[in-house]
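What follows is a single structure, and I will ask about it in a moment.
The values are calculated or read from the model by the stated rules, or taken from the named source; none is laboratory data. Source: prediction; values computed, not measured. Cβ placement follows ideal geometry from the backbone for every residue including glycine, while neighbour counts extend to all protein chains displayed.
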Amino acid sequence: METYNDVLKLLKRYGTYVHLGKRLYDMELVAIELDRLHKTGLLENSDYARAKIILNHAHEEEVRNPLKLTTRRKDTDDR
C-alpha cells in the first residue's frame, strides 16, 4: 500500500465505497471508516497504521494544493 488509491482499494475489500463529491470530504470519511474497521478488529495494526500515514499525507497535500478537475482548456473558452 503506497497511495491514496491503494487505501481506497483496501476499504473496497471490506465493502466500503466512499464518494461524497469533494475529494477532501472523501478523505475525511475514509479516515473514519479506517478507524471503524480497526476498532472492530477487522483491520490489522500494520495495515491500519500504513493506511493512516498515507491518508494523512494525501490529506495534507489536498489542503495545500486542491486537485482541480477540469475538462476544458482555458484557451478554448474564448472560441
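What residue, among those in the range 33-46 that are closer than 26 Å to Leu67 by Cα and either over 11 Å from the mean Cα position of the chain (by Cα) or among the charged types (D, E, K, R) (or both), is surrounded by the fewest Cβ atoms within 10 Å (Cβ to Cβ)?
Filtering first and then ranking leaves Asp35.
Enumerate the pairs (first residue in the range 22-39 and within 14 Å of Leu8 (Cβ to Cβ); second residue anywhere and among the acidic types (Asp, Glu)) with beta-carbon separation below 7 Å, excluding pairs fewer than 6 apart on the same chain, so at least 6 apart or on different chains.
Note: pairs meeting the criteria are Arg23/Glu62; Met27/Glu62.
Here are Glu28, Glu61: which of them is at pLDDT below 95 and either surrounded by 11 or more Cβ atoms within 10 Å (Cβ to Cβ) or assigned to a loop (DSSP other than H, G, I, E, B) (or both)?
Result: Glu61 is the single residue among Glu28, Glu61 that is at pLDDT below 95 and either surrounded by 11 or more Cβ atoms within 10 Å (Cβ to Cβ) or assigned to a loop (DSSP other than H, G, I, E, B) (or both).
Taking the range 1-21 only, how many residues are under 15 Å from Leu67 (Cβ atoms), surrounded by fewer than 16 Cβ atoms within 10 Å (Cβ to Cβ) and without any contact (Cβ under 8 Å) to a residue 24 or more places away in the chain?
4
If you don't mind, there's one more thing I want to ask. Based on this model, can you work out whether Thr76 counts as modelled with pLDDT under 95 and not small (Gly, Ala, Ser)?
Against the criterion (modelled with pLDDT under 95 and not small (Gly, Ala, Ser)), Thr76 qualifies.
Can you tell me which residues in the range 31-42 are out of contact with any Phe, Trp or Tyr (no Cβ under 8 Å at 6 or more places or on another chain) and assigned to a loop (DSSP other than H, G, I, E, B)?
Thr40, Gly41
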